[in-house]
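The values are calculated or read from the model by the stated rules, or taken from the named source; none is laboratory data. Fair warning: this is a prediction, and the values are worked out from it, not measured in the lab. Quick reminder, even Gly has a Cβ in these numbers, built from the backbone with ideal geometry, and neighbours come from all protein chains shown.
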Amino acid sequence: MDVSVFGTGYVGLVQAVTMADVGHRVVCVDIDANKIKQLQRAVPTIHEPGLSTLLEDNLKAARLSFTTQASDAVAHGSLIFIAVGTPPDEDGSADLHHVLDVTRTIVGLMNEDRTLVIKSTVPVGTARQVEQTAREELSRLGKAHLCVRVVSNPEFLKEGSAVSDCMRPDRIIVGTEDELARSQLAELYAPFCRNHDKLMLMDNRSAELTKYAANAMLATRISFMNELANLAEILEADIEAVRKGIGSDPRIGYHFIYPGCGFGGSCFPKDIRALLHTAEHNGLPLRLLQTVSDINDAQRHVLFRKLQQHFPDGLAGKSIAVWGLAFKPNTDDMREAPSRYLMEALWREGATVRAYDPEAMSECRRLYGYREDLVLCPTRDDTLLDADALVICTEWKTFRVVDFDWLASKLRAGLVIDGRNLYNPQQLANAGLLYQGIGLPQIAPQASQS
Ligand code: UDX
């Protein structure tokens, strides 16, 4: 099929390359000329496993092209994806002006019927707003005989596995009551539904709400576990044993019940704020979700609080090794990352951070620039030079295997604070380290430090 995609950000780009890879002809448009130039040369603008190959292959095969000309994209695609940003307003509500601007642009340029597929995460009611905007614009331009169909088709991509999530989706939500649009989307997604039908048809508003409900449910599981972990610490129970114990119940399952230093990233926090805003605005404040969000706000400071407890005379002049800057592994994204809350608090107290991340070093430099109290180290182990304590913020694989005796010889205060519960507490205690995870029992260090 001929498909166009407005917006070559994270969602738009991944959607575009995967559609091209199954044989559709895809034209992508973006107002950022530099980005388009880079993509035309097959240089990915985001770090995502598998993306680079798909980009190169499909450009070569001429199934994929990039342009800044909206007119080319509107002429090309009978299906037009809208994948532009919906940044949060100050009150947490999603700002729709990019989505509505693109709608007006498309309507202004179209000379045939078009189906608009909203891929951006948008508040419930947006599809209706897009439809109304399109209709008004069509009649203003004397093109009222043309038809714009609007489909809500939210994405469920996880950073770090976006390409494979898109290639092998768990479900494809198609929100529209228009029969023709339904059959167009069924044809588009048929190559992704070869083993079983993943298409779920519903109305626009339910599709829009499904996206928020999924993220809200996952965030609720995390905050629940984080609160329980904090209780486990007081009760001297082991949250990791509890996690396994409850996860084995198939009604609960093992996914998204890992306690940690708070959820971050570009989606959960933003989507939760937006859903809270929508609910409030419609006269039904969501009490449970508000608490989920409050618990997360507090949990983001848990690493710093634990450090503070160990240095009663303050952290000024201390040197803290930080492993992991990205909000989760396999990405360089530091949006709302726990590491940021920790580092910023440490800097306020006058401590120095010695940090390492396998991917997010340049992102960290971009965010914080050059400053004396931030040393970006070339390797994980370099962070430990003259460090008082180590804090783990992200569960990268390369942090899993450590010689704890060696680690104990490096850390002046012999303290390891682990926001991801990577290690067996007994092993660290045996090496003479004071180890604090999230919701783990305290074991007194057994050997003296060398
Ligand atoms: C999420 C959703 O999973 C995806 O479906 C949606 O489209 C976008 O938002 P993403 O932001 O890439 O994807 O990250 P995800 O892997 O879901 O993790 C979100 C956050 O939760 C991370 O900060 C992670 O560390 C945290 N998390 C996850 C936990 O603290 N515990 C868990 O058990 C799982």
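Some points to look at:
- Some residue of the stretch 166-179 being within 27 Å of ASP332 (Cα to Cα) and assigned to a helix (DSSP H, G or I): yes
- Residues of the stretch 429-447 that turn out to be under 21 Å from GLN309 (Cα atoms) and part of a loop (DSSP other than H, G, I, E, B), as a count: 12
- Put simply, of LEU303, LEU276 the only residue that is of a type in the set (A, V, I, L, M, F, W, C), in a helix (DSSP H, G or I) and more than 20 Å from the chain's Cα centre (by Cα) is LEU303.
- Residue selected from the stretch 162-179 under the condition closer than 17 Å to ILE118 by Cβ and aliphatic (A, V, I, L, M), by the criterion surrounded by the fewest Cβ atoms within 10 Å (Cβ to Cβ): ILE172
- Filtering the stretch 301-318 to residues that are surrounded by fewer than 23 Cβ atoms within 10 Å (Cβ to Cβ) and closer than 17 Å to CYS364 by Cβ leaves nothing.
- Any chance LEU188 is free of Cβ contacts under 8 Å to residues at least 40 places away in the same chain and of a type in the set (A, V, I, L, M, F, W, C): no
- Flag for LEU209 being in contact (Cβ under 8 Å) with a residue 12 or more places away in the chain, more than 13 Å from the ligand (Cβ to nearest atom) and in a helix (DSSP H, G or I): yes
- Per-region count, the stretch 323-357, residues part of a loop (DSSP other than H, G, I, E, B) and within 12 Å of the ligand (Cβ to nearest atom): 12
- Which listed residue is at pLDDT 95 or above, more than 8 Å from the ligand (Cβ to nearest atom) and either in contact with a strand residue (DSSP E or B) (Cβ under 8 Å, 6 or more places away or on another chain) or under 21 Å from ALA337 (Cβ atoms) (or both), from ALA274, ALA229: ALA229
- Some residue of the stretch 280-291 being hydroxyl-bearing (Ser, Thr, Tyr), more than 13 Å from the ligand (Cβ to nearest atom), within 16 Å of SER223 (Cα to Cα) and not in a strand (DSSP E or B): yes
A quick yes/no check of all residues on (1) crowded, with 22+ Cβ neighbours inside 10 Å; (2) basic (Lys, Arg); (3) assigned to a loop (DSSP other than H, G, I, E, B):
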residue: VAL14; (1), (2), (3): yes, no, no
residue: VAL26; (1), (2), (3): yes, no, no
residue: ILE46; (1), (2), (3): no, no, yes
residue: LEU54; (1), (2), (3): yes, no, no
residue: LEU59; (1), (2), (3): no, no, no
residue: GLU90; (1), (2), (3): no, no, yes
residue: THR103; (1), (2), (3): yes, no, no
residue: LEU116; (1), (2), (3): yes, no, no
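- Of the residues GLU159, GLU131, GLU155, the single one that is out of contact with any Gly (no Cβ under 7 Å at 6 or more places or on another chain), assigned to a loop (DSSP other than H, G, I, E, B), charged (D, E, K, R) and surrounded by 15 or more Cβ atoms within 10 Å (Cβ to Cβ) is GLU155.
- Exactly one residue out of VAL99, VAL84 is within 24 Å of the chain's Cα centre (by Cα) and without any contact (Cβ under 8 Å) to a residue 60 or more places away in the chain: that is VAL99.
- The sole residue among ALA16, ALA62, ALA42, ALA70 that is among the small types (Gly, Ala, Ser) and over 27 Å from ASP113 (Cα atoms) is ALA42.
- Test result for ASN195, at pLDDT 95 or above and of a type in the set (S, T, N, Q): no
- Test result for ASP2, in contact (Cβ under 8 Å) with a residue 60 or more places away in the chain and charged (D, E, K, R): yes
- Test for THR398: is it assigned by TED's automatic domain parsing to the domain that holds PHE311, surrounded by 21 or more Cβ atoms within 10 Å (Cβ to Cβ) and among the hydroxyl-bearing types (Ser, Thr, Tyr): no
- Matching entry among ALA241, ALA237 (being small (Gly, Ala, Ser) and touching a residue at least 12 places away in the same chain (Cβ under 8 Å)): ALA237
Quick grid of which residues meet (1) within 16 Å of the ligand (Cβ to nearest atom); (2) part of a loop (DSSP other than H, G, I, E, B); (3) assigned by TED's automatic domain parsing to the domain that holds GLU240; (4) free of Cβ contacts under 8 Å to residues at least 40 places away in the same chain:
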position	(1), (2), (3), (4)
GLU359	yes, yes, no, no
CYS364	no, no, no, yes
TYR370	no, yes, no, yes
ALA387	no, yes, no, no
LEU390	no, no, no, no
ASP405	no, no, no, no
ALA408	no, no, no, no
ALA413	no, yes, no, no
GLN427	no, no, no, yes
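- Residues in the stretch 306-322 that are farther than 20 Å from GLU395 by Cβ and part of a helix (DSSP H, G or I): GLN308, GLN309, HIS310.
- Only one of ILE222, ILE234, ILE252 that is more than 11 Å from the ligand (Cβ to nearest atom), surrounded by 13 or more Cβ atoms within 10 Å (Cβ to Cβ), more than 30 Å from VAL151 (Cβ to Cβ) and of a type in the set (A, V, I, L, M): ILE252
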